[in-house]
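The values are calculated or read from the model by the stated rules, or taken from the named source; none is laboratory data. This structure is a prediction, so every number in the text was calculated from the model and none was measured. Please note: Cβ atoms are built from the backbone with ideal geometry, for glycine as well, and neighbour counts cover all protein chains shown.
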């Protein structure tokens, strides 16, 4: 079997844009007509530039390759141009291609990918959602603790057993920094109100975006510790896990990190220095499914758990489901609400969510198919990046 064609899709994500402004998909086709779909999560360049990067990698390394030889293809792309190190954009491109290869392999063997990576160990996958504004609302839910508590209770009523929120305020290209007293007070009040609203019916997942120094993060952790959050997410910037390890050692709240990391090499540093006990790899950025499985295996030896991250489209979501279903040390899966809206519309068969849990599909490959007609109706014509940080210091 050989890969004969690669096609990219840059799809605008309509308002309210949950999961980002756009999704970038890649479809690979073999000489036997088997198609595989992948998704690239790379925000460092515009999506059309990124699509051309995918095409360049496919032209040089993927066309003519055997999709079953994933390790060989992975090393060829990872080392191209004398790189051989975690380049976030290149590894994002590689992730989508690798994902599409696994989709082809699963379809060729008529097996879900999770059956090819050790076999399914869970029939259902616990999931959580971020607290998002309701249709027609502004973003007050991000700053109003009473509204956020009301929304958290509504999520629990839907069936969720965990909710995530990030009340610590803006993040910038100048982080990490010390939180000011207003941010500390607001964060403590948020956690207090949400705990009162959900009781012991749901875990609270406190998110930040690498905003703080280690000492600043510890000041914040002390404020929210009495309310027993399940995790404190990315409390310091991603470059120096040794600094994050100071936070992990200084609080009883489990530290979670990984959405901005790529490959087993960066996650090995996190584990070796004790920076986090919950790893949040994003399958569209980390290096793909097999790389995520290797990271999960490393984590298992340290009694660390995985909680795959999602702030992109449903093909990465499908890959997250596959890796979670076959991983013994899986903790929880990020959902975009209940997988409705455009995340359902862009797929021929939506991801199945029931009472707080995702049901892994029995279909071969990744278990999802891109609706190319829907993709064609939603081109992305803007020039904004997937996510953007403030370029002014606070």
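Summed over the range 79-97, the residues that are farther than 22 Å from residue 4 by Cβ, free of Cβ contacts under 8 Å to residues at least 60 places away in the same chain and buried (at least 16 other Cβ atoms within 10 Å of the Cβ) give a count of 2.
Condition check: at pLDDT 95 or above and under 24 Å from residue 86 (Cα atoms). Does residue 220 satisfy that?
In short, no.
Right, residue 152: within 21 Å of residue 351 (Cα to Cα), in a helix (DSSP H, G or I), in contact with a strand residue (DSSP E or B) (Cβ under 7 Å, 6 or more places away or on another chain) and in contact (Cβ under 8 Å) with a residue 40 or more places away in the chain or not?
So residue 152 fails the test.
Please verify whether the range 346-356 includes one or more residues that are in a helix (DSSP H, G or I), in contact with a helix residue (DSSP H, G or I) (Cβ under 7 Å, 6 or more places away or on another chain) and not assigned by TED's automatic domain parsing to the domain that holds residue 100. No, there is no match, as no residue in the range 346-356 is in a helix (DSSP H, G or I), in contact with a helix residue (DSSP H, G or I) (Cβ under 7 Å, 6 or more places away or on another chain) and not assigned by TED's automatic domain parsing to the domain that holds residue 100. Cβ-Cβ distances below 6 Å connect the following pairs, each with a first residue in the range 363-386 that is in contact (Cβ under 8 Å) with a residue 24 or more places away in the chain, a second residue that is in a helix (DSSP H, G or I) and surrounded by fewer than 18 Cβ atoms within 10 Å (Cβ to Cβ), and a separation of six or more residues or different chains: 374/345.
There is no residue in the range 275-290 that is part of a helix (DSSP H, G or I), without any contact (Cβ under 8 Å) to a residue 60 or more places away in the chain and in the same structural domain as residue 324 (by TED's automatic domain parsing). Could you list all residues from the range 154-187 that are modelled with pLDDT under 95 and buried (at least 22 other Cβ atoms within 10 Å of the Cβ)? Matches in the range 154-187: none. From the list 173, 191, 156, the one residue that fits, being more than 20 Å from the chain's Cα centre (by Cα) and within 21 Å of residue 358 (Cα to Cα), is 156.
Being crowded, with 22+ Cβ neighbours inside 10 Å and assigned to a loop (DSSP other than H, G, I, E, B) is not true of residue 33.
Taken over the range 79-88, the criterion of being in a helix (DSSP H, G or I) and over 15 Å from the mean Cα position of the chain (by Cα) is satisfied by 80, 81, 82.
Mind checking whether some residue in the range 247-256 is assigned to a loop (DSSP other than H, G, I, E, B) and either on the phi > 0 side of the Ramachandran plot or without any contact (Cβ under 8 Å) to a residue 24 or more places away in the chain (or both)?
No, the conditions are met nowhere in the range 247-256.
Condition check ((1) farther than 16 Å from residue 214 by Cβ; (2) at pLDDT 95 or above; (3) crowded, with 21+ Cβ neighbours inside 10 Å; (4) in contact with a strand residue (DSSP E or B) (Cβ under 6 Å, 6 or more places away or on another chain)) across all residues:
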| site | (1), (2), (3), (4) |
| --- | --- |
| 249 | no, yes, no, no |
| 268 | yes, yes, no, no |
| 273 | no, yes, no, no |
| 285 | yes, yes, yes, no |
| 289 | yes, yes, yes, no |
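Being in contact (Cβ under 8 Å) with a residue 60 or more places away in the chain and either assigned to a loop (DSSP other than H, G, I, E, B) or more than 20 Å from residue 25 (Cα to Cα) (or both) is the filter here; which residues of the range 46-78 pass it? Selection gives 46, 63, 64, 65, 66, 67, 68, 71.
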